[in-house]
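These notes concern the structure reproduced below.
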Amino acid sequence: MSKSIISDMDGVIYRGKQLIPGARDFVTRLVDSQTPFLFLTNNAEQTPLDLKLKLEGLGIGGLTEDNFITSAMATAMFLKSQTRKTQPTAYVVGGGGLINELYNVGFSISESHPDYVVVAKSKTFSFEQIKKAVRFIDQGAKFIGTNPDMIDPVEGGYEPAAGTLLAAISAATGKKPYIVGKPNSLMMLLATRKLGVHPEDAVMIGDRMDTDIVGGLEAGMCTALVLSGVSTRESVEHFPYQPDYIFDSVADIDPAAL
């Protein structure tokens, strides 16, 4: 029996708005072989519906919202399990996907002594948001990050990601955030639980050694690195851990052979 597939998206299926060559055929192979799979992304800006529609716009159809788990979903699930308040509050630096997931688990978005400061990638990040986040954390709000990625692969290169925003706030407060998304194996375990499989029966496919691969390894999964995103074949040698497989892209992956 072939292993279940848990795959990253940015740098694996697409770069920004550009589909990676062979990605459509890879997803077709997953569907046609009836291989259980999930897309697991540190992207907290978009909802599963947004991601489904994005893939459809890139020519990949036949998916449902249940095929996706985002770091926003994982962060909301984690915070719901941690809070004892009936009406918890959060100040959010991030997009609508994160705010929507927090609403779904009973959080209110507040700028009046919030219980948490939750930070994700934001295309509208401003100095005013830094000031508010720093003030709230200094007043006792717990500091949460959806993911630590410093850059995201986009067509033509890279752009700053959540980690750069977290670094600015951390430098100003002297406090480090708790990261819920990859490489925290918590997110990997949520994915295997959703698929109903044991981690050793799943493969984590990703483009980053420092999030996808180490997170999958620590969760007890087989790992496959693709070289279509951030990590390069040369950079792999600098890490004290190694993936089980290295591929140029998902175009080269046969799910039945993993």
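The values are calculated or read from the model by the stated rules, or taken from the named source; none is laboratory data. The structure displayed is predicted, hence computed values, not measured ones. Positions of Cβ are generated from backbone atoms using ideal geometry, with glycine treated the same way; all protein chains shown enter the neighbour counts. The accessibility values were calculated without ligands, DNA or RNA, using every heavy atom of the protein model including side chains. Shrake-Rupley method; radii C 1.70, N 1.55, O 1.52, S 1.80 Å.
Calculate, in nm to one decimal, what PHE247 and ALA171 gain on full extension: separation in residues at 0.36 nm each, minus their alpha carbon distance. Spell out each step's value before the answer.
Working: separation 76, 0.36 × 76 = 27.36 nm, distance 3.70 nm.
Difference between extended and current length: 23.7 nm.
Identify all aspartates and glutamates with a Cα-Cα distance to LYS54 below 18 Å; exclude those on the same chain that are fewer than 8 residues away in sequence.
ASP8, ASP10, ASP25, GLU45, GLU65, ASP66, ASP152, GLU155
Grab the Cα-Cα distance for VAL197 and PHE239, subtract it from 0.36 nm times how many residues apart they are, and report the gain in nm with one decimal.
Contour length minus the Cα-Cα distance gives 12.3 nm.
If I compute solvent accessible area with a 1.4 Å probe over the protein chains, what percent of it on the chain is carbon and sulfur?
Whole-percent figure for carbon plus sulfur exposure: 51.
Between the helical axis of 23-32 and the dominant principal axis of the chain, each derived from Cα atoms, what acute angle in degrees is found, rounded to the nearest 10?
Roughly 70 degrees, rounded to the nearest 10.
Compute the Kirkwood hydrodynamic radius of the chain, taking the inverse of the mean of 1/r over all pairs of distinct Cα atoms, and give it in Å to one decimal.
Computed over the chain, the radius equals 18.5 Å.
The chain: longest stretch without exposed trypsin sites (Lys or Arg not before Pro) (DSSP loop, at most 10 other Cβ within 10 Å), sites themselves excluded?
Of all site-free stretches, the longest is 124-258.
Taking a virtual spin label 7 Å from the Cα of GLU111 along the C-beta vector, which residues in region 146-183 bring their backbone nitrogen under 15 Å of it?
none
If you take the alpha carbon radius of gyration of region 1-85 and divide it by 2.2 N^0.38 Å, what ratio comes out, to two decimals?
The reported ratio for this selection is 1.18.
If amide H atoms are built 1.01 Å from N in the plane of the peptide, which residues on other chains or at least 5 residues away come under 5 Å of the amide H of ALA161?
Correct list: ILE151, ASP152.
A 20 angstrom limit on the alpha carbon distance is what I want to check against. Which of LYS3/LYS194; LYS123/LYS175; LYS85/LYS175; LYS121/LYS194; LYS17/LYS52; LYS52/LYS80 exceed it?
LYS123/LYS175; LYS85/LYS175; LYS121/LYS194; LYS52/LYS80
Please give the Cα centre distance for region 1-66 versus region 203-258, rounded to the nearest Å.
Cα centroid of region 1-66 versus Cα centroid of region 203-258: 16 Å apart.
Per residue, how much accessible area does the chain have with a 1.4 Å probe, in Å²? The partial results should precede the final answer.
Working: 11360 Å² over 258 residues.
That works out to 44 Å² per residue.
Helix 48-57 versus the longest principal axis of the chain: what is the Cα-based angle in degrees, 0 to 90, to the nearest 10?
Its long axis makes an angle of about 50 degrees.
Post the alpha-carbon centroid distance, region 88-103 to region 137-157, in whole angstrom.
Taking the Cα centre of each part, region 88-103 and region 137-157 sit 14 Å apart.
Helix 162-173 versus the longest principal axis of the chain: what is the Cα-based angle in degrees, 0 to 90, to the nearest 10?
Helix 162-173 sits at roughly 30 degrees to that axis.
When DSSP assigns beta bridges and you keep just the ones with both residues in the chain, what percent turn out antiparallel, to the nearest 5?
15 percent
Which whole-number percent is the relative contact order of the chain (Cα, under 8 Å, 6+ apart)?
Working: 521 pairs, mean separation 58.4, N = 258.
The normalised contact order for the chain reaches 23 percent.
So what does the Cα-only Debye profile of region 73-179 read at q = 0.12, 0.14, 0.17, 0.18 Å⁻¹, as log10 I(q)/I(0), no solvent term?
-0.37, -0.50, -0.74, -0.82
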